[in-house]
Amino acid sequence: MVINNKNAMKQTYKLAGYSYSTEESLEARNNGKLLCLRLDTNYNCNLRCAYCYSYSDSKVKMEPMSLEDVKGIIDQACELGLKSIVYLGGGEPTMYPDFIPLVEYMHSKNVIPVIFTNGLLMTESLAKKLYDLNASVIVKFDGFEETQNILTGKGTFTKIRSALEILMNTGFNKRTENNVTRLGAAPCICTTNYHEIPEIWRYLRDNFIFPDFERATVVGNATDSLAISEEQVYQLLNNLMKIDSDEFNIKWDSPYTSIPGHSCNIFQSGCHITATQEVSLCPEIPPVASLKDKSLKEILNAPPFKETRYLEKYITEPCASCEYMKECFGGCRSKAYYCKGSLFAEDPYCIIANSKLDEEMKKLYGVKETVK
C-alpha cells in the first residue's frame, strides 16, 4: 500500500502475494487477467471456531479435491496471468493430504503461495519448507489467551502463539528494503475480542506482521451474537487509524476499506474456487458457476464477473460519487450483499457515508464533506 501524506508519513508494508495496489488490480482487470486466486481444497479442520462461515458437518465429510484437479485449475489460472494463490483451504490447508506437493507445484509455476492456517500443525521443519518455497503465511490470532481459547477451544492460544514464534524465528517477518513482509495474522473481529483488537494491532505493527483484520459475517456458524455493531465498527476504525497515524506514521489509502487499512481487490482481479470446483466472486458469497461445466476463462468473461469487475460503473450512491471510490471500491461487497441484498449497494459499515469519521481523521484525510 503506497501512501502519500503531507506530513511525510512512511509507507506501510505489504504482504507478499496478498497486497496489490489499485493500479496493479485495475491493470490486470483491464487486460482480462487474473491476478490473485482464492483457493479451497478440503473442508476438514482441527478447530471449530465460533465465527466460522465455512464449517458444516456435511462439508467436513466431503472428499478433498484431487491434486491433479487442483493442478489443472492452477494451469488454467496461470494462462490468465496468475501471480499468487491465497490458499484458504476451506478447512485447514495443512490437513490437505497433498499439502506440500501442492505448494511445491505453485512454486514451480512462479506463483506465490499465501497460506492461511490456524497454526496448530506448524513445526520448524514445515516453516523452513514453506520459507524455501517463497510462501507467505497468515496465522490465526483472535486474541490473547482467555479470548483465543473461548473462540477456538481450550489450549489453542499456546499452539497458535508457538506457530507465530516459529514463523518469526524462520524469518517470515524479516524487514526488507521495499517493506514487504511474508508473515500476516488474521483476527476475526467479533464481540468476544473487540476490546483486545487495538492491542493486537500494535503487537503486529511492532513485529512487522501484516494485520489482516476481518469482521465476523453472519454466515455459517457466525451469528448475530458475534457480529459487532455498526457503532463499534465506527469507533474501532477511527481508533486503528489514530494508532497508525500517531504511533507508526502510517496513513491508509482510504479512511474506509474492506479490511482495516487494506483492500482485497478480489472483485477487480480475483475469484474464489471451492473444493468442489465451484467459482464464486469471493469466499463469503455463494458460487455462481462450476469448472466442471466451463473453463475458468469462460466463467470470468461472463456475468456476474463481467459486471463486478467494473464496480465503478454499477455501484450505487453514495459510493458512486465518493472521492475514495477508486481506493476502497465501495468497501466490502459481501457485507453489502448480505446486509443490503445487492453486490452494488453501499457497505453499511462505511464511516464516510455514515458521517462517522471523527474530526481528527477528517482533517488528516482532507475529507471536508460527507458523501450524501
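Could you please state, rounded to a whole Å, how far the C-alpha centre of the range 74-107 is from the C-alpha centre of the range 300-368?
A separation of 30 Å, based on Cα centres.
With the full set of protein chains in place, find how many percent of the accessible area of the chain is carbon and sulfur; take the probe as 1.4 Å.
Looking at the chain in its full context, I get 47 percent from C and S.
Within the chain, what's the longest run with no GluC sites (Glu not before Pro) in a DSSP loop and at most 16 other beta-carbon atoms within 10 Å? Give the range, please.
The segment 1-176 is the longest one with no such site.
Under Stokes-Einstein, with the Kirkwood radius over Cα pairs standing in for Rh, what whole-number D in µm²/s applies to the range 70-222 at 4 °C and 1.567 mPa s?
This corresponds to a translational diffusion coefficient of 80 µm²/s.
Quick one: give the max-minus-min coordinate of the C-alpha atoms of the range 257-302 along each principal axis, largest first, in Å.
So the three principal-axis extents are 38, 20, 12 Å.
For the range 117-220, which trypsin sites (Lys or Arg not before Pro) are in a loop by DSSP, counting at most 15 other Cβ atoms within 10 Å?
Those satisfying the criteria are LYS154, LYS174, ARG175.
Rounded to the nearest 0.05, what FRET efficiency is calculated for ASP75 and LEU121 with R0 set to 30 Å and r the Cβ-Cβ distance?
That gives a FRET efficiency of 0.60.
Rounded to whole Å and sorted largest first, list the principal axis extents of the Cα atoms in the chain.
The principal-axis extents, from largest down, are 54, 46, 43 Å.
Which cross-chain or sequence-distant (5 or more) residues have an amide H under 5 Å from the amide H of ALA185, H modelled 1.01 Å from N in plane?
For ALA185, whose amide H was placed from the backbone, the distant partners under 5 Å are VAL139, PHE210, ASP212.
Starting from the Cα-Cα distance between LYS306 and PHE144, subtract it from 0.36 nm times their residue separation and give me the gain in nm to one decimal.
54.1 nm
Using the Kirkwood formula on the Cα atoms of the range 43-151, what hydrodynamic radius do you get, in angstrom to one decimal?
Evaluated on the range 43-151, it is 15.0 Å.
Tell me, what ³J(HN,Hα) does each residue in the range 62-74 have, in order and in whole Hz, if you take phi through Karplus 6.51 cos²θ - 1.76 cosθ + 1.60 with θ = phi - 60° and put x for Gly and Pro?
So the Karplus estimates, Gly and Pro as x, are 5, 6, x, 5, 5, 4, 5, 5, 5, 4, x, 5, 4 Hz.
At q = 0.13, 0.17 Å⁻¹, what is the log10 ratio I(q)/I(0) for the range 233-314, with the Debye formula run over Cα points and no solvent?
Values returned for q = 0.13, 0.17 Å⁻¹ are -0.56, -0.75.
In the chain, with Lys and Arg counted as +1 and Asp and Glu as -1 at Cβ, which of these residues, MET95, ASN193, VAL111, has the Cα nearest the positive end of the dipole, that is, farthest along it?
VAL111
Which pairs, out of LYS61/LYS340; LYS83/LYS251; LYS71/LYS297, put more than 21 Å between their alpha-carbon atoms?
The answer is LYS61/LYS340; LYS83/LYS251.
Explain nothing, just the number: dipole magnitude of the chain about its Cα centre with +1 on each Lys and Arg Cβ and -1 on each Asp and Glu Cβ, in debye rounded to the nearest 20.
For this selection, approximately 440 debye.
How large is ³J(HN,Hα), in whole Hz, for each residue of the range 296-310 in order, when computed from phi with the Karplus curve 6.51 cos²θ - 1.76 cosθ + 1.60 and θ = phi - 60°, using x for Gly and Pro?
Each residue of the range 296-310 in turn: 4, 4, 5, 5, 6, 9, 10, x, x, 4, 4, 8, 5, 4, 10 Hz.
When we measure straight from the Cα of LYS109, which aspartates and glutamates land under 19 angstrom away, once same-chain ones fewer than 8 places off are left out?
ASP40, GLU68, ASP69, ASP75, GLU79, ASP98, ASP132
Taking 26 Å as the cut-off for C-alpha to C-alpha distance, list the pairs among LYS33/LYS313; LYS33/LYS292; LYS159/LYS242 that go past it.
Beyond 26 Å: LYS159/LYS242.
What number, rounded to the nearest 500 deg cm²/dmol, is the helix-based mean residue ellipticity at 222 nm of the chain, given -39500 (n - 2.57) per DSSP H run of at least four residues and division by all its residues?
Calculated mean residue ellipticity at 222 nm is -9500 deg cm²/dmol.
What pairs from LYS14/LYS363; LYS326/LYS363; LYS140/LYS363 go past 32 Å between their alpha carbons?
Exceeds cut-off: LYS140/LYS363.
Counting only Cα atoms, I'd like the Rg/Rh figure for the range 166-272, Kirkwood definition for Rh.
Ratio value, two decimals: 0.97.
For the range 139-202, state the average projected area of the convex hull of the C-alpha atoms over all orientations, rounded to one decimal in nm².
In nm², the orientation-averaged hull projection of the range 139-202 is 4.5.
The values are calculated or read from the model by the stated rules, or taken from the named source; none is laboratory data. These numbers come from a predicted model, not from an experiment. Using ideal geometry, Cβ is built from the backbone for each residue, glycine included, and neighbour counts are taken over all protein chains shown. Ligands, DNA and RNA are stripped out before the accessible areas are found, and what is left, the full protein with its side chains, is counted by its heavy atoms. Shrake-Rupley method; radii C 1.70, N 1.55, O 1.52, S 1.80 Å.
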